1. Can you give me the Cα centroid spacing of the range A:12-62 and the range A:90-108 in angstrom?
2. What do you get for the angle between helix B:122-132 and the principal long axis of chain B? Use alpha-carbon atoms, 0 to 90 degrees, nearest ten.
3. Going by how many other Cβ atoms sit within 10 Å of their own, how do B:136, A:83, A:254, A:191 line up, fewest first?
4. Give the distance, in whole Å, between the Cα centre of the range A:233-262 and the Cα centre of the range A:200-223.
5. Report the extension gain between residue A:189 and residue A:20 in nm, rounded to one decimal, defined as 0.36 nm multiplied by the number of residues separating them, less their alpha carbon distance.
6. Report the antiparallel proportion of the DSSP beta bridges in the protein assembly as shown as a percent, rounded to a multiple of 5.
7. Specify whether the C-alpha gyration tensor of chain A places it in the rounded, prolate or oblate class, a ≥ b ≥ c being the square roots of the eigenvalues: rounded for a/c under 1.5, otherwise prolate if a/b is larger than b/c and oblate if not.
8. Which whole-number percent is the relative contact order of chain B (Cα, under 8 Å, 6+ apart)?
């Protein structure tokens, strides 16, 4: 094949048009993959919105679940999810950040540290139902907390801890070493350096990780079913030792009922859950963009 | 050669190891007070490692081991009863790349004083330090502005102001101008001449002209012998002597640009 240029000498066969066509083909395949994913997602969301939107009225949020669809609501599930997420954050955040600080700033690099690191990474991949079984044995029965929102939150805290520790470590590692040195060279102690520099500069990343971990916790169902969270609660949640239910369990319950109206209630519940999750993720993104420090 | 000077730092038989690696071999020299001492030498001969011995920054490397003495006005800073945190307030450091804290200009300067329990007027200290670092006129109306908004040269002078604010006797500079353009470099060099009235300055530099222009004394470092990776000081003298009549053939080759 003769090229445009005079020095094409026949010792190469570039087949340029064929190579370019392969490139375009791959571009199209990638576009198709993206489109397919988006279409499936949109159809799902659209279907749910069409099913559930007319049940999204004020009573839906203020009523307890009921045998009658029109008297059913998310009140107890919302309370449960709110309580659980707060207690989980309260327990998991300090432990997670503390562990991340220890591993990044204090732990020496030896086999024990590496063993702990590998296992934390592994824990992040353990199926959530295993955490449910652990919670059932340890908190519900062992500590005799019963099927309370506290036992549920402790289980959930265990579940999100690996995520929190891993994201916390990444945020801490992203703080340039030169700033630690700058602080130490001024006569700051190690703790002053961590407290005044490392933690504040890592905080946007840590918060983003925490919010993402919380959005994971708010959508989890399996471990809470395992520890025996109820599906049908007609009283307000008043303290950490009360019985509880959460949004995904309430949805799961409605889906399993035969009446068509309950299916629509489930769809409405899913809309609420999705809205909560999306706002949490949006908050994480806003925080990351607003507080991020560009070195 | 140093008979007319007070001695700020005195290094005796200093050896540094990183694990099994011998990094610095048997260095002994004296650093005169309120003078500028340059450390020059080819890459990888341990200039920065040597500089970091003076404020115990090598302690941050877990495998590092320092043998020998560094006397700071007679007190061995490697004495077991001396905490490195205390050493670093008296012997400040300016790093190769400007590393201001991502805080306001004011906070950058005030930080060291604050953590060390400064009891005086903080506003006055910040102004005095910024003036001493020849930065005050450029930033006096914007002290609340983020330090990251400054230019590289301004950032480096801010780092010098930050180091001065804790009132050290010695300022260590690790190639402070290597990331800066020639004009910013010149400003730092002029600043050093001002600072040496009050501070002892030890500067590591790759830039031979800088050493010749800006320093009073020069220590020439090199790997101790063929095949070894341990650095040592092969010649130490007045800067004009090092650059005009070096005694060691290797120094002569290096400063005349024949190698390195």
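Every number here is computed from the coordinates shown, using simple stated rules; none is lab data. Keep in mind that what you see is a predicted model, and the values were worked out from it rather than measured. When we count neighbours, we look across all protein chains shown, and the Cβ atoms used for this are built from the backbone with ideal geometry, even at glycine.
1. Here the answer is 39 Å between Cα centres.
2. 50 degrees
3. Details: B:136 17, A:83 22, A:254 25, A:191 10.
Exposure proxy ranking, most exposed first: A:191, B:136, A:83, A:254.
4. Spelled out, the Cα-based centre of one part sits 24 Å from the other.
5. Numbers: separation 169, 0.36 × 169 = 60.84 nm, distance 5.95 nm.
Using 0.36 nm per residue and subtracting the Cα-Cα distance, I get 54.9 nm.
6. Values: 27 of 45 bridges.
Taking every DSSP beta bridge within the protein assembly as shown, about 60 percent pair in antiparallel fashion.
7. Since a/c reaches 1.5 but b/c is at least a/b, the shape of chain A is classed as oblate.
8. Details: 499 pairs, mean separation 69.0, N = 260.
The normalised contact order for chain B reaches 27 percent.
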